[in-house]
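Chemist: Before anything else, here's the structure in question.
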Amino acid sequence: PPEQAPPPQQQRRAPGEDLRRAQAPMAERAQPFVAPRSAPPVVPHGAVLTGGCWCGAVRYALSARPDVVHCHCRTCRRLSGAAFSTWASVPASAFRLLSGTPTRLRTAHRATRGGCARCGGLLTMLYDGDSDVSVTLGSLDDPDGLRARASIWVSDRLCWTQAADRGLPHSPGDGRA
């Protein structure tokens, strides 16, 4: 008869270890999150901010300081899964795609959004006929120094998000003249 490999060694646990692990909070049972690593992109001359999707397939650079707003519209809430979205807008001439090709999704009668087909990260929005490109603030590598100057679509705002808008000018619509 053929020889069988010996069974793998079972890891010995202290008495009650399985019960303790099962009763521990989820945070203690979960494995730590490790983001994928990739080489940092080469930033074009004059870029002040860089960003991209979670998996790194789509990367971009901004060569102008963006104008930042919180948007409370229902479309932003649905697409982001959050109570509101924060957008950073620059002139189209100050936006450069470094790598990847964003997917395009027509989300309103006058706007197209772009994202990553691989990880699903929402990255950009462009209004028809507008000369600005907006990027999600959360997709920037280092958004810490940026602050919103206004809130738009507050007519759609969830009542409990007012604290994030305290002190900012408000617009019931998209804030465009």
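The values are calculated or read from the model by the stated rules, or taken from the named source; none is laboratory data. Because the structure is a prediction, the values reported are computed rather than measured. FYI the Cβ positions are ideal-geometry reconstructions off the backbone, even for glycines, and counts take in every protein chain you see. Side chains are part of the model used for accessible areas, which takes the heavy atoms of the whole protein and leaves out ligands, DNA and RNA. Shrake-Rupley method; radii C 1.70, N 1.55, O 1.52, S 1.80 Å.
Chemist: Go through segment 88-118 and give me each residue that's open to solvent by less than 30 Å² (accessible area, probe 1.4 Å), within 16 Å of Gly52 (Cβ to Cβ), not charged (D, E, K, R) and not in a loop (DSSP other than H, G, I, E, B).
Modeler: Scanning segment 88-118 gives Ala88, Val90, Gly114, Gly115.
Chemist: Sticking with this one: Of a type outside the set (Lys, Arg), within 23 Å of Leu158 (Cα to Cα) and modelled with pLDDT of 85 or more: does that describe Ala92?
Modeler: In short, no.
Chemist: Also: Enumerate the pairs (first residue in segment 74-100 and under 12 Å from Leu137 (Cβ atoms); second residue anywhere and open to solvent by 50 Å² or more (accessible area, probe 1.4 Å)) with beta-carbon separation below 6 Å, excluding pairs fewer than 6 apart on the same chain, so at least 6 apart or on different chains.
Modeler: Partner pairs satisfying both residue conditions: Ser89/Asp67; Ser89/Asp132.
Chemist: Restricting to segment 119-134, what's the tally of residues that are in contact (Cβ under 8 Å) with a residue 40 or more places away in the chain, out of contact with any Phe, Trp or Tyr (no Cβ under 9 Å at 6 or more places or on another chain) and outside any strand (DSSP E or B)?
Modeler: Of the residues in segment 119-134, 1 are in contact (Cβ under 8 Å) with a residue 40 or more places away in the chain, out of contact with any Phe, Trp or Tyr (no Cβ under 9 Å at 6 or more places or on another chain) and outside any strand (DSSP E or B).
Chemist: Can you name the residue in segment 75-87 that is open to solvent by less than 30 Å² (accessible area, probe 1.4 Å) and at pLDDT below 90 and is also nearest to Gly52 (Cα to Cα) among such residues?
Modeler: Ser85
Chemist: Inspect all residues belonging to segment 50-61 and state whether any of them is hydrophobic (A, V, I, L, M, F, W, C), under 29 Å from Trp160 (Cα atoms) and in a loop (DSSP other than H, G, I, E, B).
Modeler: yes
Chemist: So, one more: Given the conditions (1) within 18 Å of Gly138 (Cβ to Cβ); (2) at pLDDT below 90; (3) small (Gly, Ala, Ser), report the number of the one that Ala108 does not fulfil.
Modeler: Ala108 satisfies every listed condition except (1).
Chemist: Residue by residue through segment 123-156, note down the ones that are touching a strand residue (DSSP E or B) at 6+ places or on another chain (Cβ under 8 Å), hydroxyl-bearing (Ser, Thr, Tyr) and more than 15 Å from Val68 (Cβ to Cβ).
Modeler: Those that are touching a strand residue (DSSP E or B) at 6+ places or on another chain (Cβ under 8 Å), hydroxyl-bearing (Ser, Thr, Tyr) and more than 15 Å from Val68 (Cβ to Cβ): Tyr127, Ser131.
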